[in-house]
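Undergrad: Dropping a structure here in structure tokens format, bear with me for questions.
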Amino acid sequence: MDAVHLIKATRHALAECESVEEIVAESWQVQALVGAIGRLLAASGPQSVRADARGLSEAGQQARHSSVGPGLRDGGTREVRADRLSQIQDPKCALSDLSGLLAETGVALVLVAVSAREEGVYWQCIEAIDAADESGECVAAILRRLEAQEHGPAA
């Protein structure tokens, strides 16, 4: 499945969340998608972004494994949507959409964190917010590199 379609599916799933647990689980789905997109770009994306894409892959993987991502690390049965990623037809569009998804995820997590009644949930949200922020920075760096490549060196 193309990255843009998976990002849209993930965005829809995040919007449909009705509980704290679902929001946190979707944030880890986003990080799994970040890692998968990074791996695919590092392997077959434009040569100019492959090094940055490895960093994106590592950011997604590190975040995915840094905490118990519901259904991702704990042996749960929840599907990892990112496993369906097979291609990135338009890297710039996919990364732009991913940037927006990461921002939306961060907002959802902030809302959960400020209303968390349990300290564990609060800290899990803070960790996920940090992961989304780090991934967003990696995505922005790749987008800048693609822009520079598209427009040539600045005068």
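Undergrad: Could you check segment 91-114 and list, in sequence order, the residues that are of a type in the set (S, T, N, Q) and farther than 13 Å from L14 by Cα?
TA: If the condition is that a residue be of a type in the set (S, T, N, Q) and farther than 13 Å from L14 by Cα, then S96, S99 are the ones that fit.
Undergrad: Further question: Tell me, which residue of segment 72-102 that is in contact with a helix residue (DSSP H, G or I) (Cβ under 6 Å, 6 or more places away or on another chain) and not in a helix (DSSP H, G or I) is modelled with the lowest pLDDT?
TA: That would be L72.
Undergrad: Condition first: among the hydroxyl-bearing types (S, T, Y) and part of a loop (DSSP other than H, G, I, E, B). Now tell me which residues in segment 1-38 satisfy that.
TA: Once the filter is applied, which keeps residues that are among the hydroxyl-bearing types (S, T, Y) and part of a loop (DSSP other than H, G, I, E, B), segment 1-38 yields only S19.
The rows are residues; the columns are (1) surrounded by 21 or more Cβ atoms within 10 Å (Cβ to Cβ); (2) in contact with a Ser or Thr (Cβ under 9 Å, 6 or more places away or on another chain); (3) farther than 20 Å from R84 by Cβ; (4) of a type in the set (D, E, K, R).
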site: L6; (1), (2), (3), (4): yes, no, no, no
site: H12; (1), (2), (3), (4): no, no, no, no
site: E18; (1), (2), (3), (4): no, no, yes, yes
site: Q29; (1), (2), (3), (4): yes, yes, no, no
site: R39; (1), (2), (3), (4): no, yes, no, yes
site: V49; (1), (2), (3), (4): yes, no, yes, no
site: G55; (1), (2), (3), (4): no, no, yes, no
site: Q61; (1), (2), (3), (4): no, no, no, no
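Undergrad: Here's a check for you: in segment 116-126, which residue that is surrounded by fewer than 16 Cβ atoms within 10 Å (Cβ to Cβ) and part of a helix (DSSP H, G or I) is farthest from the chain's Cα centre (by Cα)?
TA: Step by step, filter segment 116-126, then rank; the result is E119.
Undergrad: Considering only residues that are touching a helix residue (DSSP H, G or I) at 6+ places or on another chain (Cβ under 7 Å) and within 15 Å of G60 (Cβ to Cβ), which ones fall in segment 130-155?
TA: A131, A132, D133, E134, S135, G136, C138, V139, A140, A141, I142
The values are calculated or read from the model by the stated rules, or taken from the named source; none is laboratory data. Predicted, not measured: the structure shown is a model, and the values here were computed from it. So basically every Cβ, Gly included, is an ideal-geometry build from the backbone, and we count neighbours across all protein chains shown.
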